[in-house]
Amino acid sequence: MALPVLTPEQRAEALEKAAVARKARGELLAAVKAGELTVSDVLAKAETDEVAKKTKVSALVKALPGVGPVKAAQIIEERSLRPGGSAVSGRINVTRFWASSSSSLAVVGR
């Protein structure tokens, strides 16, 4: 599928929109990393927030305190989560995972 031809103004607008989304996603994941938001909070926020809705499951799991890339990959595989899927598309599995885990995912897999 060919990319649409954009005018310079449309391209600039799209780049600005993407930058705003990246910044908002970074802030969301930083709040998760700091323990200010839980997975449940992000899933609830995804009901109304487009950025939370489009956040990838893998990014959300990696942002959890004490979870790095290796542990995140283990969690995703153990719980049959789709790493490339958004938090909303994987809501059932993510919610089931969260409910079956302790309140802090940092202790999962230890």
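The values are calculated or read from the model by the stated rules, or taken from the named source; none is laboratory data. Remember, predicted model here, so these are calculated numbers, not experimental data. Because the Cβ atoms are built from the backbone with ideal geometry, glycine has one as well, and the counts that use them run over all protein chains shown. Side chains included, ligands, DNA and RNA excluded: accessible areas come from the protein's heavy atoms. Shrake-Rupley method; radii C 1.70, N 1.55, O 1.52, S 1.80 Å.
Kindly provide the set of residues from the stretch 54-79 that are farther than 18 Å from GLU36 by Cα, open to solvent by 10 Å² or more (accessible area, probe 1.4 Å) and in a helix (DSSP H, G or I), ordered by number.
LYS54, SER58, PRO69, VAL70, LYS71, ALA73, GLN74, ILE76, GLU77, GLU78 - these are the residues of the stretch 54-79 that are farther than 18 Å from GLU36 by Cα, open to solvent by 10 Å² or more (accessible area, probe 1.4 Å) and in a helix (DSSP H, G or I).
Mind counting the residues in the stretch 28-40 that are loosely packed, with under 11 Cβ neighbours inside 10 Å and assigned to a helix (DSSP H, G or I)? Steps first, answer last, please.
Residues of the stretch 28-40 that are loosely packed, with under 11 Cβ neighbours inside 10 Å, as a first pass: 34, 36.
Of the ones still in play, those that are also assigned to a helix (DSSP H, G or I) are none.
Final tally of qualifying residues: 0.
So which residues in the stretch 29-73 are of a type outside the set (A, V, I, L, M, F, W, C) and within 9 Å of the chain's Cα centre (by Cα)? If you could, list the steps in order and put the result at the bottom.
Within the stretch 29-73, the first condition is being of a type outside the set (A, V, I, L, M, F, W, C), and the residues that meet it are 33, 35-36, 38, 40-41, 45, 47-50, 53-56, 58, 62, 65-66, 68-69, 71.
Listed by number, the residues that qualify are LYS53, LYS54, THR55, LYS56, SER58, LYS62.
Name the one entry in ARG91, ARG82 that is open to solvent by 20 Å² or more (accessible area, probe 1.4 Å), among the charged types (D, E, K, R), within 30 Å of LEU3 (Cα to Cα) and at pLDDT below 90. I'd like the intermediate steps shown before the answer.
Working: ARG91 fails: within 30 Å of LEU3 (Cα to Cα).
Of the residues listed, the single one that is open to solvent by 20 Å² or more (accessible area, probe 1.4 Å), among the charged types (D, E, K, R), within 30 Å of LEU3 (Cα to Cα) and at pLDDT below 90 is ARG82.
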